[in-house]
1. Any idea how many residues of the range 354-388 are assigned to a loop (DSSP other than H, G, I, E, B) and either within 11 Å of ligand 1 (Cβ to nearest atom) or under 18 Å from Ile93 (Cβ atoms) (or both)?
2. Do the conditions hold for Glu323, that is, is it open to solvent by 10 Å² or more (accessible area, probe 1.4 Å), under 15 Å from Ala217 (Cα atoms), of a type in the set (D, E, K, R) and part of a helix (DSSP H, G or I)?
3. Only residues that are under 30 Å from Gly79 (Cα atoms), within 11 Å of ligand 1 (Cβ to nearest atom) and either of a type in the set (A, V, I, L, M) or touching a residue at least 60 places away in the same chain (Cβ under 8 Å) (or both): list them for the range 281-323, please.
4. Go through Val346, Val333 for me and flag whichever is touching a strand residue (DSSP E or B) at 6+ places or on another chain (Cβ under 9 Å) and within 14 Å of ligand 1 (Cβ to nearest atom).
5. Quick one: which residue in Ala29, Ala95, Ala116, Ala54 is among the aliphatic types (A, V, I, L, M), within 23 Å of Gln423 (Cα to Cα) and open to solvent by 20 Å² or more (accessible area, probe 1.4 Å)?
6. Can you find a residue in the range 256-270 that is open to solvent by less than 50 Å² (accessible area, probe 1.4 Å), acidic (Asp, Glu) and on the phi < 0 side of the Ramachandran plot?
7. Condition first: part of a loop (DSSP other than H, G, I, E, B), in contact (Cβ under 8 Å) with a residue 40 or more places away in the chain and in contact with an Asp or Glu (Cβ under 6 Å, 6 or more places away or on another chain). Now tell me which residues in the range 219-272 satisfy that.
Amino acid sequence: MNEFVVVANRLPVDRVEGGWKASPGGLVAALAPVLRARAGCWVGWSGAVDEPVAPFRFDGIDLHPVTLDAQDYEEFYEGFSNSTLWPLYHDLIVAPQYNEQWWQRYRDVNVRFARATAEVAAQGATVWVQDYQLQLVPGLLREMRPDLTIGFFLHIPFPSPDLFRQLPWREELIGGLNGCDLVGFQREADERNFRALVGDDNNSPRSGTFPISIDPAAVQVGSPEAVAKLRASVGNPAALMLGVDRMDYTKGILQRLLAFEQLLEEGVDATLIQLATPSRERIEHYRKTRRQVEEAVGRINGRFGSVGRPVIHYMHRGVSKQELGTFYAAADVMLVTPFKDGMNLVAKEYVACHPDGDGALVLSEFAGAAVELHDAYLCNPFEGASILRAMREALDPDPERMRRMYARVLGHDVHRWAAEFLQEVAR
Ligand code: ADP
Ligand code: G6P
């Protein structure tokens with residue numbers, strides 16, 4: 001029995017042939033260090049389909065796997081979570097699909113998560129439910145276990161009431177959150193959207209704004225030797241630029257490539273490394289995004305590259321923390337250009353790799369990170385000229401701006417985030 005239980009759709013580890021690897025995404029990157037530092041357990045899905053896994057311990061955390069079958073994967077995960085809620089909450093960058101069968105399956109899977117949680121939580125325990133995939137869990141759990149303290153944190157944006165009201169199941173979803181003692185959001189704007197929707201009636205839970213962050217200890221800043229080697233391997237360009245994202249249509253990767261192409265047209269000596277982790281690969285909009293990105297990489301390299309010297313180095317895979325730390329430390333300019341993003345931890349990880357004021361961050365106004373990192377070179381990703389302008393500015397950066405951002409990120413790490421939320425939920 002556990003006094004502290006985290007519930008998230010994903011476990012911090014993901015099933016791969018013959019073993020486990022770290023799960024993709026910011027939720028896991030942020031929460032894993034929190035759970036390692038606090039005794040507790042994690043209820044979540046293993047990433048495999050139709051493969052029951054017994055509870056086990058991994059990297060200092062007790063894991064309680066929930067099994068998803070092929071239909072859960074299609075209707076709960078790819079369907080309601082990632083083709084209904086994800087696009088709706090990211091302000092309709094693509095059109096959400098409303099499907100009654102997906103909704104039924106979302107409810108079923110949420111019931112399973114709630115049951116699994118009720119089984120492992122001690123009397124009076126604190127349960128912390130994470131993200132849009134599990135919005136019904138707090139209400140279900142409240143009925144099963146009135147003794148629990150229940151918190152919920154939404155890692156992605158919360159849309160304006162007018163958008164939210166499109167949802168045929170809007171009342172049930174809000175009802176699920178009413179089971180909480182506290183609902184947390186990334187930005188004040190998200191919390192305001194939620195409050196505008198639920199008002200201040202007695203059924204609605206307390207809410208708060210808690211911008212998530214990184215564990216600086218988990219970021220491995222590349223050594224000067226590794227950085228020199230990397231830069232040499234790409235031909236020591238005057239400016240090395242970097243993008244690191246899941247391959248997701250919210251991230252604005254194509255728009256960034258097009259702005260980079262214009263920069264090259266202006267004759268700037270720059271090279272771009274773009275890493276993109278595979279994500280939600282069977283969903284059509286994700287496939288389309290990948291096709292467009294890969295087509296643009298090929299075209300731009302065809303125009304500006306030469307033998308042994310491409311202008312864009314593109315990798316469609318995850319890299320180790322150590323490699324990532326070298327890329328971050330080596331990059332003169334980090335490009336973070338989402339159309340909408342709950343926070344964007346990549347921006348904070350990059351800043352954490354630049355303690356001495358070198359480097360520059362180009363950051364979308366529509367990333368949650370822009371609230372704290374207003375010293376970045378901000379841009380509007382919907383306007384190509386705006387990305388280009390920010391890139392040009394970032395080529396001649398003011399070191400004071402990076403120093404201020406570094407102080408902010410290090411002073412507000414993920415342990416502080418968790419402590420503030422958990423203190424408030426217990427109040
Ligand atoms: P999201 O949660 O939407 O994926 P974030 O920027 O908040 O976006 O978090 C992404 C996380 O995934 C970061 O911790 C980042 O380091 C990691 N990541 C993204 N792409 C890669 C990659 N190609 N290799 C390794 N880690 C990656
Ligand atoms: C974002 C979401 C997380 C999700 C992650 C990776 O960070 O907020 O809830 O886990 O993306 O996406 P995936 O669909 O692979 O879990």
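1. Total meeting the criteria: 7.
2. No.
3. Matches in the range 281-323: Met315, His316, Gly318, Val319.
4. Answer to the selection: Val346.
5. When all the criteria are applied, what remains is Ala29.
6. yes
7. Val219, the sole residue that qualifies.
The values are calculated or read from the model by the stated rules, or taken from the named source; none is laboratory data. Bear in mind the structure is a predicted one, so any value in this text is a computation, not a measurement. Cβ: placed from backbone, ideal geometry, glycine included. Neighbour counts: every protein chain shown. All accessible areas refer to the heavy atoms of the entire protein, side chains included, with ligands and DNA or RNA removed. Shrake-Rupley method; radii C 1.70, N 1.55, O 1.52, S 1.80 Å.
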